[in-house]
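One structure is given below, encoded as structure tokens.
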Amino acid sequence: MTEDEAAAAVRQWGEHAPDAVLLDGFHALKHALRFGADVRLAVTADKAAALQLAAALADDLTADLAERLVEIPAKALRELVPRIHPTGVAALAVRPARRANLDALSRAPRKAPVVVLDNPRNLGNVGAVIRLAAGFGATGVVTTGDMDPWHPNAVRAGAGLHYATAVERLPLPELPPGPLYALDPEGDDIRSLTLPDDALIAFGSERHGISPELRERATRLVALPMRPQVSSYNLATSVAMALFHWGGPGPDRS
């Protein structure tokens, strides 16, 4: 890689960055590519090390990354990203079209639930939930409130798996159709019921729980099993438990 090519990549980064999704690290780039992201530029401070990592962890992408990755000086990389990921890789991708995500969320019949995060407050938790939803094959993740689920910190925590499921922020009245199952300590034990494939499974914040508005809209309140005197689970843990229950045997499943 010549100095001119590296300089051109840095200029291109500046052109694309304002409107692009930052893929911070090798794993975010790997997942984004696997799930069809339009990656406009990928850079690294050590291309040989990045390709060695690809050969070990994502050999299906090694040839693509060999062509795609542009090596730039470490100093230049530090100026492009808030902090360099330990893998020394960063990329910019196009955010999926909102219309396409909304169509996926509202399409009927759904084969998997939509996870709803009611006014989440921690971007790391949002990213962790998106990673879980992608792994379980959920239709998507919808957030309410003022936090952007595509914030770089959420994408980093989600390891690029925003591209594996539909992720959008919506006001409460515009949630996708479907029965709304809201997690609440006063609800019915989740083990006593089956979550339908077209369900919306809603979670509040760890401190405040679901909002009164969401509670009023809920088709049913459900509760996770919890030992007395334990106040709450981490948000991502709660989502994992609920999705595991959905995907496994239930009262009406064999």
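The values are calculated or read from the model by the stated rules, or taken from the named source; none is laboratory data. Only a predicted model underlies this, so the values are computations on that prediction, with no experimental measurement involved. Because the Cβ atoms are built from the backbone with ideal geometry, glycine has one as well, and the counts that use them run over all protein chains shown. Just so you know, the surface numbers come from the protein's heavy atoms only, side chains and all, with ligands and any DNA or RNA stripped out. Shrake-Rupley method; radii C 1.70, N 1.55, O 1.52, S 1.80 Å.
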request  = Filter segment 41-68 for residues that are hydroxyl-bearing (Ser, Thr, Tyr) and touching a residue at least 24 places away in the same chain (Cβ under 8 Å) and give the result.
outcome  = Thr44
Selection within segment 234-254 - under 17 Å from Asp198 (Cα atoms), modelled with pLDDT under 95 and surrounded by 15 or more Cβ atoms within 10 Å (Cβ to Cβ) = Gly247, Gly250
query = Looking at segment 16-30, is at least one residue surrounded by 19 or more Cβ atoms within 10 Å (Cβ to Cβ), out of contact with any strand residue (DSSP E or B) (no Cβ under 8 Å at 6 or more places or on another chain) and either assigned to a loop (DSSP other than H, G, I, E, B) or modelled with pLDDT of 95 or more (or both)?
reply = yes
ask   = Looking at Asp38, is it among the acidic types (Asp, Glu), open to solvent by 80 Å² or more (accessible area, probe 1.4 Å) and modelled with pLDDT of 95 or more?
value = no
query = Only one residue in Ala112, Ala128, Ala90, Ala97 is surrounded by fewer than 19 Cβ atoms within 10 Å (Cβ to Cβ), touching a residue at least 40 places away in the same chain (Cβ under 8 Å) and not polar (S, T, N, Q), so which one is that?
reply = Ala112
query = Of the numbered conditions (1) more than 30 Å from Ala182 (Cα to Cα); (2) open to solvent by 70 Å² or more (accessible area, probe 1.4 Å); (3) of a type in the set (Phe, Trp, Tyr), Trp13 satisfies every one except a single condition; which is it?
reply = (2)
key: helices (runs of 4 or more DSSP H) contained entirely in segment 51-157, each with at least 2 residues that are within 20 Å of the chain's Cα centre (by Cα)   = 98-106, 123-136, 152-157
ask   = Before we move on, is Arg227 open to solvent by 30 Å² or more (accessible area, probe 1.4 Å), of a type in the set (Lys, Arg) and over 22 Å from Lys111 (Cα atoms)?
value = yes
message = List the strands (runs of 3 or more DSSP E) inside segment 167-233, counting only whole elements, that have at least 1 residues being over 22 Å from the mean Cα position of the chain (by Cα) and touching a residue at least 12 places away in the same chain (Cβ under 8 Å).
response = 180-189, 220-223
